[in-house]
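Enquirer: Have a look at this one before I ask anything.
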Amino acid sequence: MEEKPRYRRILLKLSGEAFAGEQGYGIDPNFLEYISHEVKNVHELGVEVAIVIGGGNIFRGFQGKGIGIDRATADYMGMLATVINALALQSALERHVNIPTRVLSAIEMRQVSEPYIRRRAVRHLEKGRVVIFAGGTGNPFFSTDTAAALRAAEIDAEVLLKATKVGGIYDKDPEKFPDAMFIREITYLEVINRGIRVMDHTALTMCRENDIPIIVFNIREKGNLRAVVLGEEIGSVVRG
């Protein structure tokens with residue numbers, strides 16, 4: 001029996017920390033190979049896949065203050081880190097699983113990526129290419145979570161999939177508190193009012209205004225990405 005995906009077009013948000021793997025910094029080749037196969041398992045269902053990547057494995061904007069770099073400049077440095085991750089993932093997708101991939105950067109650097117143009121991104125998706133959005137929003141003071149929400153709205157993605165290292169949303173950090181309670185479904189406003197760390201407020205508000213559900217799930221569990229796309233009850237859902 002042919003498996004029918006629940007979503008036609010998705011936006012996958014990957015953190016920079018995930019790229020570091022167990023080493024804590026830089027890019028782990030084992031993770032690149034792993035995530036390539038996870039994306040392939042979704043791509044082969046006919047799903048259009050767009051990806052936004054963080055840069056925390058290389059540099060975070062808030063680190064700049066501690067070393068005497070102003071916030072705007074530090075944020076631009078963080079955006080450049082996302083381009084490095086995007087190029088690494090593009091190479092892995094094409095080398096390991098032979099999926100055509102395009103990197104579109106909000107900060108123009110034509111030698112290594114295409115400039116971000118919404119219509120071009122949509123056309124790539126329609127042609128079956130995986131599209132990786134790099135460079136955040138192209139502006140300082142915005143997180144890559146906000147970039148993910150913005151790009152999801154722009155390309156008319158049906159869902160934003162936030163990949164994490166835990167099973168979903170909890171009322172407090174499950175890695176620090178054994179009694180943390182799992183939350184299967186919650187509204188955008190509840191997340192904001194209760195101060196639950198899912199995405200920043202700007203990203204949540206953008207998803208709410210554009211009616212884009214957010215599914216938070218554990219990307220480290222093999223097969224979870226495909227299961228989520230097929231509509232299985234994996235992780236937690238933010239909607240309404």
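The values are calculated or read from the model by the stated rules, or taken from the named source; none is laboratory data. Bear in mind the structure is a predicted one, so any value in this text is a computation, not a measurement. Glycine gets a Cβ as well: all are built from the backbone with ideal geometry, and neighbour counts include every protein chain shown.
Enquirer: Going through the range 182-208 one residue at a time, which ones are at pLDDT 95 or above and out of contact with any helix residue (DSSP H, G or I) (no Cβ under 8 Å at 6 or more places or on another chain)?
Expert: Listed by number, the residues that qualify are F182, I183, R184, E185, I186, T187, E190.
Enquirer: Identify, by number, the condition in (1) in contact with a Pro (Cβ under 9 Å, 6 or more places away or on another chain); (2) crowded, with 23+ Cβ neighbours inside 10 Å; (3) part of a loop (DSSP other than H, G, I, E, B) that L160 doesn't meet.
Expert: (3)
Here's the yes/no breakdown for (1) under 23 Å from P29 (Cβ atoms); (2) hydrophobic (A, V, I, L, M, F, W, C); (3) at pLDDT 95 or above; (4) assigned to a loop (DSSP other than H, G, I, E, B):
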residue	(1), (2), (3), (4)
L89	yes, yes, yes, no
I99	yes, yes, yes, yes
L104	no, yes, yes, no
I107	no, yes, yes, yes
V112	yes, yes, yes, yes
A121	no, yes, yes, no
N139	no, no, yes, yes
D179	no, no, no, yes
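Enquirer: Quick one: would you say T137 is farther than 24 Å from G21 by Cβ and without any contact (Cβ under 8 Å) to a residue 40 or more places away in the chain?
Expert: Here the answer is yes, as T137 does meet what is asked.
Enquirer: Here's something else I'd like to know. When the residues of the range 89-121 are filtered to those that are aliphatic (A, V, I, L, M), over 17 Å from the mean Cα position of the chain (by Cα) and within 20 Å of A152 (Cα to Cα), which remaining residue is surrounded by the fewest Cβ atoms within 10 Å (Cβ to Cβ)? Don't jump to the end; show me each part of the working.
Expert: Quick first cut of the range 89-121, residues aliphatic (A, V, I, L, M) only: 89, 92-93, 97, 99, 103-104, 106-107, 109, 112, 117, 121.
Subset that is over 17 Å from the mean Cα position of the chain (by Cα): 97, 99, 107, 109, 112, 117.
Filter once more, keeping what is within 20 Å of A152 (Cα to Cα): 107, 117.
On the way: I107: 18, I117: 10.
So the residue we want is I117.
Matching residues to (1) of a type outside the set (V, I, T); (2) without any contact (Cβ under 8 Å) to a residue 24 or more places away in the chain:
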{"residue": "G61", "(1), (2)": "yes, no"}
{"residue": "Y76", "(1), (2)": "yes, no"}
{"residue": "N98", "(1), (2)": "yes, yes"}
{"residue": "I117", "(1), (2)": "no, yes"}
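Enquirer: Would you check which residues across the range 166-193 are in contact (Cβ under 8 Å) with a residue 40 or more places away in the chain and either buried (at least 17 other Cβ atoms within 10 Å of the Cβ) or under 13 Å from I215 (Cα atoms) (or both) and list them? Break it down into steps so the answer makes sense when it comes.
Expert: Start the filter on the range 166-193 by keeping residues that are in contact (Cβ under 8 Å) with a residue 40 or more places away in the chain, which leaves 166-169, 182-188, 191.
Selection gives V166, G167, G168, I169, I183, R184, E185, I186, T187, Y188, V191.
Enquirer: Follow-up. Given the conditions (1) at pLDDT 95 or above; (2) touching a Gly at 6+ places or on another chain (Cβ under 6 Å); (3) closer than 20 Å to D200 by Cβ, which single one is not true for F31?
Expert: Unmet condition: (3).
Enquirer: Quick one: is G235 over 20 Å from Y7 (Cβ atoms), crowded, with 21+ Cβ neighbours inside 10 Å, out of contact with any Asp or Glu (no Cβ under 6 Å at 6 or more places or on another chain) and not hydroxyl-bearing (S, T, Y)? If you could, list the steps in order and put the result at the bottom.
Expert: On the way: over 20 Å from Y7 (Cβ atoms): no; crowded, with 21+ Cβ neighbours inside 10 Å: yes; out of contact with any Asp or Glu (no Cβ under 6 Å at 6 or more places or on another chain): yes; not hydroxyl-bearing (S, T, Y): yes.
Considered against the rule, which asks whether it is over 20 Å from Y7 (Cβ atoms), crowded, with 21+ Cβ neighbours inside 10 Å, out of contact with any Asp or Glu (no Cβ under 6 Å at 6 or more places or on another chain) and not hydroxyl-bearing (S, T, Y), G235 comes out as no.
Enquirer: Does the range 142-156 contain any residue that is surrounded by fewer than 17 Cβ atoms within 10 Å (Cβ to Cβ), modelled with pLDDT under 95 and in a loop (DSSP other than H, G, I, E, B)?
Expert: No, the range 142-156 contains no residue that is surrounded by fewer than 17 Cβ atoms within 10 Å (Cβ to Cβ), modelled with pLDDT under 95 and in a loop (DSSP other than H, G, I, E, B).
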